[in-house]
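Working notes, beginning with the structure itself.
All of the numbers you see were taken from the coordinates with simple rules; none came from a lab. For clarity, every value in this text was computed on a predicted model and none was experimentally measured. Heads up, the Cβs are rebuilt from the backbone with ideal geometry, glycines too, and the neighbour counts pull from every protein chain shown.
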Ligand SMILES: C[S@@+](CC[C@H](N)C(=O)[O-])C[C@H]1O[C@@H](n2cnc3c(N)ncnc32)[C@H](O)[C@@H]1O
């Protein structure tokens, strides 16, 4: 089902009620607690999850809603799935494309770009595409095969230059402009005749587009957001009236929940991430005992090379970074094993939070959709590709007369 018209507001309200009512389940990060704040309320669920293995957690990660866990997990899972359900925008054919269009584009990225382009159908034909945070401008170049003009905005000079060369190679007249889209002069780049497209422009970057495009009066736009947590403010700044009147207040940490999904990570990356987290969890046990304070202690992110240190050195070095001196530790293997055991527990407990990833992401998308509605747009909200291709697969299409 594609969301449009009154269904946008209705779904937003239902999601808002659901997310607000379950804050005690999705806000706490299992990583930072030895006992979950909700464990006393749902002891059977907490105990069941803590018994499971790391492999079981990983197998359930992408589909936590299918897990046959004790109550209230199944009821919440069912509700979350229903509230996050969204259909795919119908595709159109792009016709024959020049060969070498996808030169330099990793396969998965090109598939995303094609899927995005195939979903752009508007009542009025666009005449000038504006690729917002374009990278090398692959999406814009694909769209401009229809004969429209093309402007690409990107702030990394190397990408601007590479984009220019690729357009020249295809004999395409395109403007590749170096522009920080957050800068005060970004609005001067945007004109009413532009049809802006933004594929995976992070947090503030795509929000800026919605604000500028609606102010300047663009007829259509298409946005597939990502990295909702990349914002300058400490807390989420709601865009629509509906979201501004909600009691939900989202920190940057909360905004990273929709991104905590790992469909594209390779085996090696996964192994490294697990090892790094198991070590951090072991260190957390150690620091609690050494400080005599039963509280999580945030630690900085560390280079991957730290994983090649032996475990005791790793702990000593990390302790030094936190101004701690370790004393009287004699069973390092036991501590390391305890870290891995905690990792299995944490990964399984995270499945509860996982149920709220898509609902929270859709809440954020609907805030953008309702904002555009308030600015006179008809909005259609759906997906543009299967989520195995990219978990950031929501696409917002907006047009006005
Ligand atoms: C995730 S990439 C997406 C690129 C392209 N749309 C795609 O899908 O291949 C985000 C792009 O935004 C660019 N970017 C980041 N901050 C920017 C800013 N303030 N102004 C303009 N571009 C920016 C980055 O250099 C990067 O190319």
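Using only Cα atoms and rounding to the nearest 10 degrees, what angle (0 to 90) does helix 73-84 make with the longest principal axis of the chain? It works out to around 10 degrees.
Highest mean packing comes first when the peptides 349-355, 154-160 are listed by Cβ atoms within 10 Å, giving 349-355, 154-160.
List the relative contact order of segment 147-276 as a percent without decimals, with contacts defined as Cα pairs under 8 Å and 6+ residues apart. Write out the running numbers ahead of the final one.
Numbers: 139 pairs, mean separation 22.3, N = 130.
The normalised contact order for segment 147-276 reaches 17 percent.
Highest mean packing first, where packing is the average number of other Cβ atoms within 10 Å per residue, the peptides 308-317, 219-228 line up as 219-228, 308-317.
Each listed q (0.14, 0.17, 0.20, 0.29 Å⁻¹) maps to a log10 I(q)/I(0) for segment 67-133, found by the Debye formula over equal Cα scatterers with no solvent: -0.69, -0.82, -0.96, -1.32.
With helices as the sole contributors, the chain gives -13500 deg cm²/dmol at 222 nm; each DSSP H run of n ≥ 4 counts as -39500 (n - 2.57), and the sum is divided by every residue. Here, segment 160-260 has an Rg and a Dmax of 16.1, 52 Å when only alpha carbons are counted. Taken over segment 133-175, the percentage of Cα pairs per 10 Å bin, counting from 0 up to the bin with the maximum distance, is 34, 58, 7. Relative to the dominant Cα principal axis of the chain, helix 332-354 is inclined by about 40°. Across all Cα atoms of segment 34-181, the radius of gyration (one decimal) and Dmax (whole number) stand at 23.2, 66 Å. Across the chain, the relative contact order, built from alpha-carbon pairs under 8 Å that are at least six residues apart, equals 25 percent.
Ranking request for peptides 246-253, 370-377, 44-51, 277-284: highest mean number of other beta-carbon atoms within 10 Å first, then the rest in descending order.
Working: 246-253: 14.0, 370-377: 19.1, 44-51: 17.4, 277-284: 21.4.
Ranked from most to least packed, the peptides come out as 277-284, 370-377, 44-51, 246-253.
Across segment 296-365, the volume of the C-alpha convex hull divided among the residues equals 136 Å³ per residue. A P(r) calculated from all alpha carbon pairs of segment 261-401, with 5 Å bins opening at zero, reads 2, 8, 13, 15, 13, 10, 9, 8, 8, 6, 4, 2, 1, 0, 0 percent. Between residue 211 and residue 178, full extension at 0.36 nm per residue minus the direct alpha carbon distance yields a gain of 9.9 nm. Cα-Cα pairs above 15 Å in segment 325-401: how many percent? In whole percent, the long-distance tail amounts to 72. How much of the pair distance distribution for segment 1-93 lies past 16 Å, counting alpha-carbon pairs only, in percent? The proportion of pairs with Cα distances above 16 Å equals 66 percent.
The alpha-carbon atoms of the chain define a convex hull whose volume equals 158 cubic angstrom per residue. Sketch the reach of a paramagnetic label on residue 329 as a point 7 Å from Cα along Cα-to-Cβ, and name the residues of segment 267-289 whose backbone nitrogen lies under 18 Å away. Flagged as within label range: 275-289. All alpha carbon pair distances within segment 205-319 were sorted into 5 Å bins beginning at 0; the resulting P(r) in whole percents reads 2, 8, 13, 14, 14, 13, 11, 8, 7, 5, 3, 1, 0.
Angle of helix 6-21 to the longest C-alpha principal axis of the chain, folded into 0 to 90 degrees and rounded to 10: 10°.
Modelled this way, with points 7 Å down the Cα-to-C-beta line, the labels at residue 81 and residue 59 are 1.7 nm from one another. Computed over the Cα atoms of segment 45-86, the ratio of the radius of gyration to the Kirkwood radius (Rg/Rh) comes to 1.00.
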